[in-house]
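> The structure is given below, and queries will be raised subsequently.
The values are calculated or read from the model by the stated rules, or taken from the named source; none is laboratory data. Quantities reported herein were computed from a predicted structural model and do not represent experimental measurements. Cβ placement follows ideal geometry from the backbone for every residue including glycine, while neighbour counts extend to all protein chains displayed.
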Amino acid sequence: MDDSDDVASFFRLLNPRMNSLTERMDLEFEVELTDEDLSSHLQAGTAELVVRWKCAETFGLGFLKPKLIQSLERSKRYLVSLPQDDLDGRVEFQLQILAATDIPFYCLGRQNQDYGDATFRVGEGSVLAVGGIITVQARKLYDPMQPPLEACFVFKDAPTLPSGIELDFGDSEHVVVWIASEAFQDFVALGGRPEFQVASVMMPALMGTLEYMKEVGENGLVDDTAWHLSLSRRIKDLRAEDKSVLEQAQAILEDPVGRAIKKETEDMDQEDQA
């Protein structure tokens, strides 16, 4: 009933942020909804906001009801959580508005013009609007003293940073990677292309972290943070203790630049064949 392009313009998922914890994965995101009819249905309880998730590796799927954590000027920020042992690898999240009850005379002022002023009987559970799809990489439950690599880093928006990234080693659980705001939005938008996220941001962040670890070692300091221990173990497992920072980072990330270029080439070939 709704024109998909129009729906995308007035119902959107924005600024998603994932935080991988010991027992669960938290996903925060903003929702921008400017359609008065859909807003009225949500306020009246005849419609509800949900997040549909599915994980190909574990065959898990289901619906989550987001928790409102902040009301902003033009949007609202929500949180959903999933147990780590339900997840592994690529997880897809889709924002939806569903009918919470039967709606006998459903009509949107901005519905496709082909329908004019027609009304429709909508059954409970029907999808009224889709606000976007994002994908993230997850891992199963892990030992907090030996977390997976992606759990060693958290990426955050840095409004005061003019460009590039900045590393903060003050947290015992993970390295905070501050990304300049404009670049951060582009980084989030690349959620469906993790190879580019790794090559463009994770690679330099990891190299900076490894440089810091070497400086710590040279100064005779002891660093027993979870991320430091995890990366040290990874380097030892790869037998890369005597390698340069560049070689260590490429080994840990399994040739990130090569994988990103290969993925782009494959996508271009598929587009040419379409």
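> Pairs under 9 Å by beta carbon, first residue under 12 Å from Ile103 (Cβ atoms) and among the acidic types (Asp, Glu) in the stretch 25-53, partner modelled with pLDDT under 90 and not in a strand (DSSP E or B), six or more apart or different chains?
Matching pairs, first to second residue: Asp37/Cys107; Asp37/Leu108; Asp37/Gly109; Asp37/Arg110; Asp37/Gln111.
> With the requirement that a residue be surrounded by 13 or more Cβ atoms within 10 Å (Cβ to Cβ), in a loop (DSSP other than H, G, I, E, B) and modelled with pLDDT of 80 or more, what does the stretch 59-91 give you?
Pro66, Ser75
Here's the yes/no breakdown for (1) in contact (Cβ under 8 Å) with a residue 40 or more places away in the chain; (2) surrounded by fewer than 19 Cβ atoms within 10 Å (Cβ to Cβ):
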{"site": "Phe169", "(1), (2)": "yes, yes"}
{"site": "Asp186", "(1), (2)": "no, yes"}
{"site": "Ala189", "(1), (2)": "no, yes"}
{"site": "Val198", "(1), (2)": "yes, no"}
{"site": "Glu215", "(1), (2)": "no, yes"}
{"site": "Lys263", "(1), (2)": "yes, yes"}
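> Moving on. Go through the stretch 1-30 and give me each residue that's surrounded by 20 or more Cβ atoms within 10 Å (Cβ to Cβ), at pLDDT 75 or above and more than 28 Å from Cys152 (Cα to Cα).
The first filter runs over the stretch 1-30 and keeps only residues surrounded by 20 or more Cβ atoms within 10 Å (Cβ to Cβ), leaving 2, 7, 11, 13, 18, 20, 25, 27, 29.
When the remaining residues are screened for being at pLDDT 75 or above, the result is 11, 13, 25, 27, 29.
Selection gives Phe11 alone.
> Assuming Gly191 fulfils every condition listed in (1) farther than 27 Å from Asp242 by Cβ; (2) modelled with pLDDT under 90; (3) touching a Leu at 6+ places or on another chain (Cβ under 8 Å) apart from one, which condition is it?
So Gly191 meets the others, but not (3).
> Give me the pairs, please: first residue somewhere in the stretch 240-258 and assigned by TED's automatic domain parsing to the domain that holds Tyr212, second residue anywhere and assigned to a loop (DSSP other than H, G, I, E, B), beta-carbon distance under 6 Å, and either six or more positions apart or on two chains.
Filtered contacts from the stretch 240-258: Gln248/Ala240; Ala251/Leu238; Ala251/Ala240.
> State yes or no: is Asp242 more than 28 Å from the chain's Cα centre (by Cα), surrounded by 12 or more Cβ atoms within 10 Å (Cβ to Cβ) and either modelled with pLDDT of 85 or more or not in a helix (DSSP H, G or I) (or both)?
Considered against the rule, which asks whether it is more than 28 Å from the chain's Cα centre (by Cα), surrounded by 12 or more Cβ atoms within 10 Å (Cβ to Cβ) and either modelled with pLDDT of 85 or more or not in a helix (DSSP H, G or I) (or both), Asp242 comes out as no.
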